[in-house]
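Asker: Pasting a structure here, questions to come.
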């Protein structure tokens, strides 16, 4: 092998080594980004879980409030009628 061929071979090996190093850097970068994205997704999931719990509690509160209002809606005519009877009785006695 001539000196020129040896230099050409060394240059080609250098190019291959640089490509491998570049691929290693890229692989490390991608792995780091994947880990960071995984951490971000875990944090978001935790927040979404908390929001879902709060929404569930609000749904129960709204359900109880709605049930109370429906009961009041049904009872209100009787309450008003009873109050009016009492007022009428009081006005007759005075």
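Asker: Could you compute the FRET efficiency for residue 65 and residue 88, with r as their C-beta to C-beta distance and R0 at 35 Å, rounded to 0.05?
Answerer: On the way: r = 33 Å, r/R0 = 0.95.
E between residue 65 and residue 88, to the nearest 0.05, is 0.55.
Asker: Hey, of (i) 12, 13, 12, 11, 10, 9, 8, 7, 6, 5, 3, 3, 1, 0; (ii) 18, 42, 26, 12, 1; (iii) 18, 54, 25, 3, 0, which did the structure itself give for P(r) over Cα pairs in 10 Å bins from 0, in percent when calculated?
Answerer: (i)
Asker: Using Cα springs under 10 Å in a Gaussian network model of the chain, which residue among 19, 52, 66 shows the largest mean-square fluctuation?
Answerer: 19
Asker: Okay, moving on. Along each principal axis of its Cα atoms, how long is the range 1-46 end to end? Whole angstroms, biggest number first, please.
Answerer: Each principal axis gives a Cα extent; for the range 1-46 these are 66, 9, 5 Å.
Asker: For the Cα atoms of the chain, what angle does the longest principal axis make with the long axis of helix 3-93, in degrees from 0 to 90, nearest 10?
Answerer: It works out to around 0 degrees.
Asker: Taking springs between alpha-carbon atoms closer than 10 angstrom, which of 39, 21, 49 fluctuates most in the Gaussian network model of the chain?
Answerer: Largest GNM mean-square fluctuation: 21.
Asker: Continuing with this model, one more query. Gaussian network model of the chain, Cα springs within a sub-10 Å range: biggest mean-square fluctuation belongs to which of 42, 11, 34?
Answerer: 11
A short reminder: the numbers here are calculations on the coordinates, not readings from a lab. Note that the structure is predicted; figures quoted are calculated from it, not measured. Here Cβ is always computed from backbone atoms with ideal geometry, including for glycine, and neighbour counts include all displayed protein chains.
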